[in-house]
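For reference, the structure discussed in these notes is given below.
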Amino acid sequence: MPKEKTDLLQGTLDLLILKALQLGSVHGFGISVLIRQMSKDVLQVEQGSLYPALYRLEDQGWIESEWGVSDNNRKAKFYKLTPAGRKQLIEERSNWERLSSAINTVLKTT
Amino acid sequence: MNWLHQLRLRFRALSQKEKLDAQMDDEMRSHIEMQTQENMEAGMKPEEARYAALRQFGRVEAIKETCREQRGVSWIENLGQDIRYGARQLRKNPGFTAVAVLTLALGIGANTALFSIVNALLVDPFPYRNQTQLVQLRQQRPKAGGTVETGHSG
């Protein structure tokens, strides 16, 4: 499924996940809740995209995982940013801003 | 050193496949449980909450398969599966296997023998250095009316 997504969408999801982990470690379910809350219910991440993205980000060394206990005393896998991940977040964010302002500029011309 | 990190992950993916799969199961299951919990807190009945959570999660097996692909070792696993399948098929058809092995043995043996001969005769015939500089010496004795050969040829 993710192979059909454009690189643009995939990169955007990565950016959202890295941002969601900025303040601390969160588990998978928590990440989807955070993204929903931070976007004021606009962005709802499908689990079908979330978990492959988490595994990919971990493979690339930007996040790391460890098992822990959630608020409800459930066993859950928590993710957090690595130092490389923090750098990546900054870089992807500036890429996104450059890209989106370019698109806005195009859309504004007639 | 990203490649080193990835190499370590790939190695772990191969050597601890079952453990990683079990962890993936646990992770997805706990997600569904948390979603069920959230649904119940929103007012749904337990069965309905769980059903809604499962439906929202989507096709769990397909997602797991996609996640497995992210480990980056599926080509190795597929290769291993194909090799094992081939070995099983060979075991099941001993006659065919015997013919194939004999043919290969004959081919390799004949080839090796022929090459050894060609090598000895044409490519590397003398156990001397600078073989191309070997010469043959002859002496001529005009008085005796003939030639005497010294030196070697062949």
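The values are calculated or read from the model by the stated rules, or taken from the named source; none is laboratory data. Only a predicted model underlies this, so the values are computations on that prediction, with no experimental measurement involved. Positions of Cβ are backbone-derived with ideal geometry, glycine not excepted, and every protein chain shown enters the neighbour counts. The protein model used for the area step is the full one, side chains on, heavy atoms only, and it has no ligands, DNA or RNA in it. Shrake-Rupley method; radii C 1.70, N 1.55, O 1.52, S 1.80 Å.
Go through region B:71-88 and count every residue that is among the aliphatic types (A, V, I, L, M) and either free of Cβ contacts under 8 Å to residues at least 24 places away in the same chain or within 8 Å of chain A (Cβ to nearest Cβ) (or both). Working first, answer last.
Taking region B:71-88 as the starting set, the residues that turn out to be among the aliphatic types (A, V, I, L, M) are B:73, B:76, B:79, B:83, B:87.
This time we only want the ones that are either free of Cβ contacts under 8 Å to residues at least 24 places away in the same chain or within 8 Å of chain A (Cβ to nearest Cβ) (or both), so: B:79, B:83, B:87.
Summing the residues that are among the aliphatic types (A, V, I, L, M) and either free of Cβ contacts under 8 Å to residues at least 24 places away in the same chain or within 8 Å of chain A (Cβ to nearest Cβ) (or both) in region B:71-88 gives 3.
Find the residue count for region A:21-46, including only residues that are touching a Gly at 6+ places or on another chain (Cβ under 9 Å) and within 16 Å of residue A:9 (Cβ to Cβ). Looking only at that region, the number is 1. Looking only at region B:31-88, which residues are small (Gly, Ala, Ser) and more than 26 Å from residue A:34 (Cα to Cα)? Hits for region B:31-88 are B:72, B:74, B:80, B:86, B:87. Among the residues of region A:72-88, are any of a type in the set (A, V, I, L, M, F, W, C) and away from chain B (no Cβ under 14 Å)? The answer is yes; a qualifying residue exists.
Selection of first residues in region A:43-64 that are within 7 Å of another protein chain (Cβ to nearest Cβ) and open to solvent by 30 Å² or more (accessible area, probe 1.4 Å) and of second residues that are outside any helix (DSSP H, G or I) and of a type outside the set (A, V, I, L, M, F, W, C), restricted to Cβ pairs under 7 Å at least 6 apart or on distinct chains, gives the following pairs, ordered by first then second residue: A:46/B:58. Scanning region A:67-110 for residues that are open to solvent by 100 Å² or more (accessible area, probe 1.4 Å), without any contact (Cβ under 8 Å) to a residue 60 or more places away in the chain and among the aromatic types (Phe, Trp, Tyr) gives no hits.
Is at least one residue of region A:26-38 under 22 Å from residue B:61 (Cα atoms), at pLDDT below 90 and either within 9 Å of another protein chain (Cβ to nearest Cβ) or open to solvent by 50 Å² or more (accessible area, probe 1.4 Å) (or both)? No, region A:26-38 has no match at all. Inclusion of residue B:109 among residues that are more than 30 Å from residue A:61 (Cβ to Cβ) and away from chain A (no Cβ under 14 Å) is warranted.
Residues in region B:56-70 that are open to solvent by less than 30 Å² (accessible area, probe 1.4 Å) and more than 19 Å from residue A:30 (Cβ to Cβ) were compared, and the one that is farthest from the other protein chains (Cβ to nearest Cβ) is B:64. Across region B:11-55, the qualifying residues are those that are surrounded by 14 or more Cβ atoms within 10 Å (Cβ to Cβ) and of a type in the set (Ser, Thr, Tyr), and the one among them that is nearest to the other protein chains (Cβ to nearest Cβ) is B:30.
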